[in-house]
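To start, the structure under review is shown below, and the notes come after it.
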Amino acid sequence: MPQPSARRRPLNAPPRWLKPAVHLLVAMPGLFLLAGWAELLFTNPASLRLSAEPVAYTHNALGLMALRTLVATLAVTPVHRLTGWTPVMSLRRMLGLWAFAYAAVHLGFYLWLELDFSLAALWAEALKKPFILFGMVGLLAMAPLAATSTRAAIKALGGRRWQALHRLVYLAGIAGAVHFILRVKGFQLEPWIYAGLVLALLLLRLMPSRRRASRASPQPA
Ligand code: HEM
């Protein structure tokens with residue numbers, strides 16, 4: 001029996017499972033950390049689930065998730081352009097918000113456990129350790145993007161200004177990758193892989209798109 005047309009989904013609408021599945025995937029590392037801390041605090045203080053140094057492990061896991069979700073956010077538009085798969089665009093805003101959430105919790109955890117919530121101490125650390133300064137730049141670049149991720153914000157700012165503002169996502173990606181490069185001692189490949197990914201995605205974004213002119217209107221996804 002045919003469905004009433006009011007309930008029919010548009011042909012290019014994302015499949016219903018897509019957003020919940022991506023939310024679950026991105027939330028999993030955070031849930032793993034929560035479970036690890038619950039075990040340490042309430043049932044087994046000797047647990048090694050979060051390694052022998054759970055505080056350092058948590059700083060790094062939150063930082064990595066912030067960077068990974070940021071890279072995934074940057075990848076959305078190039079993936080759409082290369083594959084033509086429109087539903088992927090519906091993931092851009094949620095991935096960006098996840099990246100900001102992980103980065104904010106990463107900073108919150110650091111402020112709480114290392115600096116006793118002192119912003120003056122954070123600034124002193126940033127002046128002493130350049131990697132902290134780059135982390136701050138990354139987070140500060142992400143904050144206005146999170147704050148203007150709604151349709152109402154696009155309307156209030158106007159499409160062009162909103163798009164120009166949202167180019168800050170590349171600054172956030174570069175600052176996050178440099179933060180990681182400077183944080184490790186000696187040469188390690190992993191931070192350079194993230195830096196390479198951010199640069200490659202930036203270059204892909206700068207390449208002219210054949211259909212860009214006809215799709216100029218911005219979307220919060
Ligand atoms: C004010 C902002 C930030 C502060 C204070 C900060 C601080 C830190 C600290 C203390 C560490 C651990 C260092 C260690 O254990 O030696 C760290 C690691 C890290 N942070 Fe941040 N961070 C900030 C923002 C960011 C942002 C915005 C990103 C990504 C977008 C990020 C990604 C990372 C990564 C990838 C690591 C290393 C992970 C690893 O080694 O496995 N951080 N950060």
Packing rank of 54-62, 98-106, where each peptide gets the mean count of other beta carbons within 10 Å, highest leading:
98-106, 54-62
Sum of -39500 (n - 2.57) over DSSP H runs of 4+, divided by residues of the chain (222 nm, nearest 500):
-23000 deg cm²/dmol
Counting only residues 5 or more places away or on other chains, whose amide H sits under 5 Å from the amide H of LEU50 once H atoms are built in the peptide plane?
none
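If you take the square roots of the eigenvalues of the alpha-carbon gyration tensor of region 149-199 and sort them as a ≥ b ≥ c, do you get rounded (a/c under 1.5), prolate (a/b over b/c) or oblate?
Details: a/c = 4.57, a/b = 3.77, b/c = 1.21.
Prolate, since a/c reaches 1.5 and a/b exceeds b/c.
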Please list, in order along region 75-90, the HN-Hα scalar couplings obtained from phi with the Karplus expression 6.51 cos²θ - 1.76 cosθ + 1.60 (θ = phi - 60°), rounded to whole Hz, x for Gly and Pro.
7, 4, 5, x, 4, 4, 5, 6, 9, x, 7, 4, x, 4, 5, 5
Residue (of ALA75, MET89, VAL105) at the positive-pole extreme of region 69-158, dipole from beta-carbon charges
MET89
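Which order, highest average first, do 12-21, 177-186, 135-144 follow once you tally other Cβ atoms within 10 Å for each residue and take the mean per peptide? Write down the numbers at each step before the final one.
Numbers: 12-21: 11.6, 177-186: 16.8, 135-144: 19.5.
My ranking of the peptides, most packed first, is 135-144, 177-186, 12-21.
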Note, region 118-132: 3J(HN,Hα) by Karplus (6.51, -1.76, 1.60, θ = phi - 60°), whole Hz, Gly/Pro = x, goes 9, 5, 5, 5, 4, 5, 4, 5, 5, 6, 7, 10, x, 5, 5
In sequence order, what are the phi-derived ³J(HN,Hα) couplings for region 57-63 according to the Karplus relation 6.51 cos²θ - 1.76 cosθ + 1.60 with θ = phi - 60°, rounded to whole Hz, with x for glycine and proline?
4, 5, 3, 5, 5, 5, x
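Dipole magnitude of the chain about its Cα centre, charges +1 at Lys/Arg Cβ and -1 at Asp/Glu Cβ only, in debye to the nearest 20? Present the calculation step by step, with values, prior to reporting the outcome.
Working: 24 positive and 6 negative charges, 339 e Å.
The dipole of the chain has a size of about 1620 debye.
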At what distance in angstrom do the alpha carbon centres of region 7-53 and region 105-153 lie from each other?
23
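We did not get these values from a lab; they are worked out from the coordinates using the rules stated. Note that the coordinates shown come from a computational prediction; the quantities given were computed from them, not determined experimentally. Counting neighbours? That spans all protein chains shown, and the Cβs are built from the backbone with ideal geometry, glycine included.
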